[in-house]
Protein chains: 2
Amino acid sequence: MPASDELDAVLSHIEENTDRIVSDLQELCRQKSISTTHIGIDEMAALILERLERAGLEATIHKTGGHPIVTGRLTGAGAKTLLFYNHYDVQPLDPLDEWTSPPFEANVVDGYVVARGATDNKGNIISRLAAFEAFLAVRGELPCSVMYIIEGEEEIGSPSLLPFINENKDMLSVDGCIWEDTFREDVPVLSLGNKGLCYLELRCRTANVDFHSSHAQIYENAAWRLNWALASMKGSDEKVLVEGFYDDVTPLTEKEEELVRLMKPYDGAERKKKFDLRRLALDLPDEELPRRHLTNPSFNIAGMDAGYTGEGVKTIVSGRARAKIDCRLVVDQDPEKIRDCVRRHLDRHGFEDIEVELLFKSLPAKSDPESITVKACQEASRRVYDAEAVINPFGSGSTPTWMVIRNLGIPLVGTGVGYITARTHSANENLKVEHLINGAKYMAAICESFGNA
Amino acid sequence: MPASDELDAVLSHIEENTDRIVSDLQELCRQKSISTTHIGIDEMAALILERLERAGLEATIHKTGGHPIVTGRLTGAGAKTLLFYNHYDVQPLDPLDEWTSPPFEANVVDGYVVARGATDNKGNIISRLAAFEAFLAVRGELPCSVMYIIEGEEEIGSPSLLPFINENKDMLSVDGCIWEDTFREDVPVLSLGNKGLCYLELRCRTANVDFHSSHAQIYENAAWRLNWALASMKGSDEKVLVEGFYDDVTPLTEKEEELVRLMKPYDGAERKKKFDLRRLALDLPDEELPRRHLTNPSFNIAGMDAGYTGEGVKTIVSGRARAKIDCRLVVDQDPEKIRDCVRRHLDRHGFEDIEVELLFKSLPAKSDPESITVKACQEASRRVYDAEAVINPFGSGSTPTWMVIRNLGIPLVGTGVGYITARTHSANENLKVEHLINGAKYMAAICESFGNA
């Protein structure tokens, strides 16, 4: 019997078990697990443990400095092990009054499971477990071994994940990893990396009070100083003028260049209309937008304030001013080195007094687009969605995936059940039942291709 | 009998009537008159009318578009008329819990009348009325005619004063004006003018939303645009780069240059210590501070905000940014022309999209330092305080006095009972009884010198 036919039986089994799979998702969604406010976390970890065991995995709860991490292991055919990495925590519910179905009831409404966590990330978890269960039911074993990490702090920056990975490298000796991601229209996106983040706070203080502005001629204004400092760091041509900022930007590989050329241009006109944009940055044409977006680092003012910010008139000289600078980094920029570059830049330009604090950092990372993990996802996409997956070699956001890619030294593909309609992080988060079932089939096909590679 | 001896009798009469004068001040302070919240305004205007009549003036309440203006007239000896201009409204009370004596009980505590309005401006009013009453009691007439304007909107920008002045120019045909001002240590300050004010709001809007900062490479950030626009308008050498900004700055007269040279240097070291200053603007030496402070226009950021301004981390591209620009103007800069210069500057530098709104304006003005009104105050200072008054030819703040100077075409001197200890606009505003009585003598001496000039 050819492999594809064998897989057909597994995929059919998933289809036939739709009702059970939906009720499995409802079970997870009905357990609250808001990491921000620490609601239901321990109960959720216990349920995940029990659920992994029910699916046939050997499961463990690991204590951390924060929320527990649950792992599972299941030995399959062949020598290769595929790691799945997900999270059991969810975002807070607000705005609460916009939910049309109670967020922890997980009702099925018109073919959609409506719940906080339905897609992000409990739908992803269930799609993976349903795939494993189908293999065990139809074939008695998986086409590859699997390792599962489900953490409880993804929505709050995954502070316990890196130490956990570093302390468990033997247990996590695997050949590739599948994380979560989205669809573009009906085609799965394969995200092979993430941007780093260097989030700085700049604080300027010229006096211990705000002065009446009739003294503006003789006292320094912190708002002006901060303004001059910021203007020295980036020009209106969007070039970052901080010396050393671009030093560690690695050129794209030939394969990455090819993937960038294949990217669908963004629809600039549509975005201008939708968001009432003055213009796109640098008036870039549509075909240059993906490259600019995905391969360039940014140096962004996420916020600034000084002096009087209310309505109307107040006449003061600001003694304090503050800006938040949010840099998205590309491989191999390092947030601490960027912080040092900014510090040196300020010192060289006469702004020694402006304080710089690194409030948050994460590292950039990217995976080899020619790895077997990527190829397995491409094959699975053709098989289940009858479509060529969209490869995003870089990722646009800053996610915890760098901890896996860099610290385990393996390729990672972000891909999963998240359609644009799923409203993740918003009110009325949902997962269409059809997308859940297709997602389970997709995960089964990935395991199959990965095992056969 | 020489004039000085005659005046001695008037001054003695004031001294002998200390208790009555204090109780007159208490009477005014016990009537609430907060213009911001429109508390007690009409009752206060009625009390002022009654009080002017009791002092022997022919008084009138004038309706305006806002709070009533009360005027009084008293014909005295000679041909000259001196205008007194004060206000009966007071500042709000906050912070209320810091008052150690109820703000409208006007108790005498250790020789100080403690009340909202005790100095600003009811103490000034009573000092003037006590002077008039003493002349009438001792001599039966004043050494000059007096006209009195007491308005009720000084603390909220005097919106009704200019139309009132323009509609009553015949009634206000006078030879000079006395307004309020402060002391430097124990010496009266004579302020001969005021700065103008051009208060602008600059608004930049690049999109109808804030974007997730993972899009910083492709969307414009309003915070950056505003930053670049501001940096184009003033350099770190404090020079305003807005074309035309300095065009209407009139050079100082020879007399003004002389007065500036005579000014006491500011104590920079003491201010640096007190306010924990990084430095004084441009590291100016003490002797240059008064000239810089009083003769230069300013271009100050009174406030700016964009994006996320709370604690910690939020990663957004700001779609909106706002700055408040507060320019103190010198003679003969005009706030509307300055607004137009800023508009043209933005247009020329590629910031056509940034909106500019003039939120508040007032004009600069200055009085002839050699006028008889100034000389009368100088003589009175020598007589009552045994000190040479400090002449400030310009004034540092933006006050309604320009309406009198420019629209009546007369010299105005700001001088009065306001010591630095009086805590005007703060909790526990007060007036020392001794300062009130000296203030009344000072006003009597001014009238005498003005009448004899």
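Every read-out reported here was derived from the displayed coordinates using simple, explicitly stated rules and does not represent laboratory data. A quick note: this is a predicted structure, and the numbers were derived from the prediction, not measured. As a convention, Cβ positions derive from the backbone with ideal geometry for all residues, glycine included, and neighbour counts pool all protein chains shown.
Computed extension length for A:Glu16-A:Glu352: 114.2 nm, one decimal, from 0.36 nm per residue of separation with the Cα-Cα distance subtracted. Given R0 = 35 Å, the distance between the Cβ atoms of A:Arg279 and A:Tyr246 translates into a calculated FRET efficiency of 0.90.
In terms of its Cα atoms, the range A:160-249 spans 67, 36, 29 Å along the principal axes, sorted from long to short. Pairs of Cα atoms nearer than 8 Å and 6+ residues apart set the relative contact order; for chain A it is 26 percent. Inter-label distance, A:Asn166 to B:Lys169: 8.1 nm, where each label sits 7 Å from its Cα along the C-beta direction. For B:Gly196, nonlocal amide neighbours, meaning residues 5 or more places apart or on other chains whose placed amide H falls under 5 Å from its own, are B:Leu329, B:Val330, B:Ala365. Using the Cβ-Cβ distance between B:Glu288 and A:Thr36 with R0 = 51 Å, the FRET efficiency computed as 1/(1 + (r/R0)^6) comes to roughly 0.40. Between the listed residues A:Met263, A:Leu252, A:Leu241, the Cα displaced farthest toward the positive end of the dipole of the range A:239-311, a dipole computed from Cβ unit charges relative to the Cα centre, is found at A:Met263.
Kirkwood radius for the range A:1-88, taken over all pairs of different Cα atoms as the inverse mean of 1/r, rounds to 15.3 Å.
Just flag the GluC sites (Glu not before Pro) in the range B:185-231 sitting in loop per DSSP whose Cβ has no more than 16 other Cβ atoms within 10 Å. Filter output for the range B:185-231: B:Glu185. The stretch between B:Asn107 and B:Leu262 holds 51.8 nm of extra length on full extension. This uses 0.36 nm per residue minus the Cα-Cα distance. Helices in the protein assembly as shown, meaning DSSP H runs of at least 4 residues, each add -39500 (n - 2.57). Divided by all residues, the mean residue ellipticity at 222 nm is -10500 deg cm²/dmol. For q = 0.08, 0.09, 0.10 Å⁻¹, what log10 I(q)/I(0) does chain A give under the Debye formula with an equal point scatterer on each alpha carbon and no solvent? Relative scattering, expressed as log10 I(q)/I(0), comes to -0.53, -0.66, -0.79.
Alpha-carbon geometry of the range B:330-420: the Rg and the Dmax are 18.7, 61 Å, given in that order.
Of the trypsin sites (Lys or Arg not before Pro) found in the range B:211-282, those in coil by DSSP whose Cβ has at most 15 other Cβ atoms within 10 Å are B:Lys239, B:Arg279. When the Cα gyration tensor is reduced to axis lengths a ≥ b ≥ c, the ratio a/c is 1.5 or higher for the range A:221-295, and with a/b not above b/c it is classed as oblate. Is the shape of the range B:65-119 rounded, prolate or oblate, going by the alpha carbon gyration tensor and its root eigenvalues a ≥ b ≥ c, with a/c under 1.5 for rounded and a/b larger than b/c for prolate? Oblate shape, in that a/c is at least 1.5 and b/c is the bigger or equal ratio. Here the protein assembly as shown carries DSSP beta bridges of which approximately 75% are antiparallel, counting only pairs with both residues inside.
For the range B:79-189, the antiparallel share of DSSP beta bridges with both residues in that region comes to about 35%. A convex hull fitted to the Cα coordinates of the range B:142-298 yields 254 cubic angstrom per residue.
Panel values: the protein assembly as shown, Kirkwood radius from alpha carbon pairs, Stokes-Einstein at 4 °C and 1.567 mPa s, translational diffusion coefficient 40 µm²/s. Placing +1 on the Cβ of every Lys and Arg and -1 on the Cβ of every Asp and Glu, with no other charges, gives the range B:178-263 a dipole of roughly 540 debye about its Cα centre. Between 0 and 90 degrees, the angle of helix B:3-16 with respect to the longest Cα principal axis of chain B falls at about 80 degrees. To the nearest ten degrees, helix B:372-385 and the longest principal axis of the Cα atoms of chain B are 70 degrees apart. When only the Cβ of Lys, Arg, Asp and Glu is charged (+1, +1, -1, -1), the dipole of the protein assembly as shown relative to its Cα centre reaches about 900 debye. Short-range pairs are left out: with C-alpha atoms under 8 Å and at least six residues apart, the relative contact order of the range B:1-111 is 26 percent. Counting only Cβ charges, +1 for Lys and Arg and -1 for Asp and Glu, the dipole size of chain B around its Cα centre is about 1080 debye.
Between A:Thr309 and A:Ala137, the FRET efficiency estimated from the beta carbon spacing at R0 = 41 angstrom works out to 0.10. Within a straight-line Cα-Cα reach of under 22 Å, A:Lys264 can be paired with the following lysines, leaving aside sequence neighbours fewer than 8 residues apart in one chain: A:Lys195, A:Lys255, A:Lys272, A:Lys273, A:Lys274, A:Lys366, A:Lys375.
Volume of the convex hull of the range A:59-172 (Cα atoms only), normalised per residue: 115 Å³. Inter-part distance, the range B:77-142 to the range A:87-157, computed on C-alpha centroids, equals 74 Å.
The length gained on full extension between A:Glu27 and A:Lys255, counted as 0.36 nm times the residue separation minus their Cα-Cα distance, comes to 77.8 nm. Please work out whether the range A:376-444 counts as rounded, prolate or oblate from its C-alpha gyration tensor, where a ≥ b ≥ c are the square roots of the eigenvalues and a/c under 1.5 means rounded, while otherwise a/b larger than b/c means prolate and anything else oblate? The shape class here is oblate. Among beta bridges identified by DSSP and lying wholly in chain A, the antiparallel ones come to about 75 percent. Listed by chain and number, the aspartates and glutamates whose C-alpha is less than 15 Å from the C-alpha of A:Lys432, apart from same-chain residues fewer than 8 away, are A:Glu15, A:Asp19, A:Asp24, A:Asp110, A:Asp120, A:Glu185, A:Asp186.
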